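The values are calculated or read from the model by the stated rules, or taken from the named source; none is laboratory data. Computed from a prediction, not measured in an experiment: that's the story for all the values here. Positions of Cβ are backbone-derived with ideal geometry, glycine not excepted, and every protein chain shown enters the neighbour counts. We work out accessible area using only protein heavy atoms, side chains counted, and drop any ligands, DNA or RNA first. Shrake-Rupley method; radii C 1.70, N 1.55, O 1.52, S 1.80 Å.
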Amino acid sequence: MEGTLACGSGDCIDRNLFCNGSPDCADGSDENSCDSDSDPNRAPSCDPTVCVLPDCFCSEDGTSIPGDIDPEQVPQMITISFDDAVNNNNIELYQELFDGVRKNPNGCDVKGTFFVSHKYTNYTAVQSLHRLGHEIAAHSITHNDDESLWSSASVDDWAKEMAGVRLIIDKFANITDNSVVGMRAPYLRVGGNNQFSMMEDQAFLYDSTVTAPLQNPPLWPYTLYFRMPHRCHGNLQKCPTRSHAVWEMVMNELDRRDDPESDEDLPGCAMVDSCSNILSGEQFYAFLNHNFDRHYQQNRAPLGLYFHAAWLKNNPEFFDAFLFWIDEVLEKYNDVYFVTMTQVIQWMQNPQTVNEAKNFDAWKEKCNPITTSQCGVPNSCSLTSKELPGETLRMHTCMRCPPNYPWLNDPSGDGFF
């Protein structure tokens, strides 16, 4: 019968039920073989005649430059991101890094992207980061420590965590411009088709969780209408196999070898702080230069430098080396921009040469915002939630304190479950 496939037992069921996350064959055989090569409902391979900008971008091996611009005419974009709660443990570090003095070649402040998880976050500080033109993105409400839970979460679980944290951020950091459009899963645990179905349902623009193995040249971000241009990388990872109207700001692994010419191959690392062999500021400086060159001298795919702030805070020598490196890059090159994830997508949708990039409108928004606070005295709310029995949590916000601590089933904190 058309539109059906046979279970192992010989019974026929609707083709769409294969690899949908729940067994529909009596013997469960419809969920046995579901990777991007064997899912009968898998996304097709890249077809550049169908996949055209601004809404779709793919290439056979993932390394092609949008708009087929000559690499030397492509501005080298660098995305600095930080994961987890924004609070007194890291606010000063962010202020020192994004100090309003460091400028891109278009005269605008360098920008970063913050993947914010809810618990322990100071929303007054998030509001300030947003006002300065940094990008705020979703990183879950609970940041649940059980990593396997993220791999197996349902569409609804993902929506509660990610659309939920977006609602909390919008409400308590007073973000009213619908700019929270990206997400990253905790522990970089990709949630398979369920995660990306949720992203479509909830109108998220991009994910930045999928890791690509270390390769030269590195990969450009891509849309998931067509199949991913690389294998699903990582231990027990569950990548999307179906077609989704979502961008993937793929995490290119970084090369952590001290001497890339002669050292034996080492596996790469996606988060800078997971590159465990970096032990000194000098080593970190060399690591940054080598990975910058890998991007700049090849296809100029965006260079992602992804951190947890504690790694820089607990190793002042690394932080000093990082600031020194950024200042040196900005001084030496007139075609390198530190931009947000959304700004990368905006460039890809409308590619600009190095000369055009200086006047690219999307990169001029919130160019050099004034730093005065929009908030007189922030509220320090002492709150509880039925969902977290026995815990009293403090939440800082410029908005009015809610009656309850916002959580999964009550993201507004109004007490309505």
Starting from the Cα coordinates of the chain, work out the convex hull volume and express it per residue in Å³.
155 Å³
All other residues with a Cβ under 12 Å from the Cβ of residue 200 taken together, and with Lys, Arg as +1 and Asp, Glu as -1, what is their net charge?
-1
For 248, 317, the accessible-area ranking with a 1.4 Å probe, largest leading, is 317, 248
When the accessible area of the chain is split by element with a 1.4 Å probe, what percent falls to carbon and sulfur?
48 percent
If amide H atoms are modeled at 1.01 Å from N in the peptide plane, then the residues at a separation of 5 or more from residue 238, or on another chain, having amide H under 5 Å from its own are 190, 192
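What does the net charge come to around residue 108 if you take all other residues with beta carbon closer than 9 Å to its beta carbon, with K and R at +1 and D and E at -1? All intermediate terms of the calculation are to be shown ahead of the outcome.
On the way: positive: 103, 111, 364, 366; negative: 109, 365.
Here the charged neighbours net out to +2.
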Only Lys, Arg (+1) and Asp, Glu (-1) charged, at Cβ; the chain dipole about Cα centre in debye:
1440 debye
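Which loop-located trypsin sites (Lys or Arg not before Pro) does segment 378-415 contain, where loop means any DSSP state but H, G, I, E or B and the Cβ has at most 16 other Cβ atoms within 10 Å? List each step's numbers first, then the result.
Details: sites: 386, 394, 400; in loops: 386, 400.
Loop-located and lightly packed - 386, 400.
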Residue by residue, what Karplus-based ³J(HN,Hα) values in Hz, rounded to whole numbers, does segment 224-231 have, using 6.51, -1.76 and 1.60 with θ = phi - 60° and x for Gly and Pro?
9, 4, 10, 5, 4, x, 8, 6
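Give the value in nm², to one decimal: projected area of the alpha carbon convex hull of segment 28-180, averaged over all directions. Walk me through the numbers on the way to the answer.
Numbers: hull surface 51.8 nm².
For the Cα atoms of segment 28-180, the hull's average projected area reads 13.0 nm².
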Between the alpha-carbon centers of segment 250-271 and segment 10-42, tell me the distance in whole angstrom.
37 Å
Among 196, 98, 115, residue whose mean-square fluctuation peaks in a GNM of the chain (springs only between Cα atoms under 10 Å):
98
Any chance you could look up the accessible area of residue 271 with a 1.4 Å probe, heavy atoms only, rounded to 10 Å²?
10 Å²
Which ³J(HN,Hα) values in Hz, rounded to whole numbers, follow from the phi angles of segment 55-64 under the Karplus curve 6.51 cos²θ - 1.76 cosθ + 1.60, where θ = phi - 60° and Gly and Pro get x?
8, 9, 9, 8, 8, 3, 10, x, 9, 6
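As a test of reading the structure, rank 257, 15, 231 by solvent-accessible area (1.4 Å probe, protein chains only), most first.
Numbers: 257 40, 15 95, 231 145 Å².
The residues order as 231, 15, 257, largest area first.
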Accessible area per residue in Å² at 1.4 Å probe, computed on segment 224-343:
42 Å²
Taking Cα centroids, how far is segment 386-417 from segment 192-231 in Å?
32 Å
For residue 251, residues with placed amide H under 5 Å, excluding near neighbours
210, 211, 212
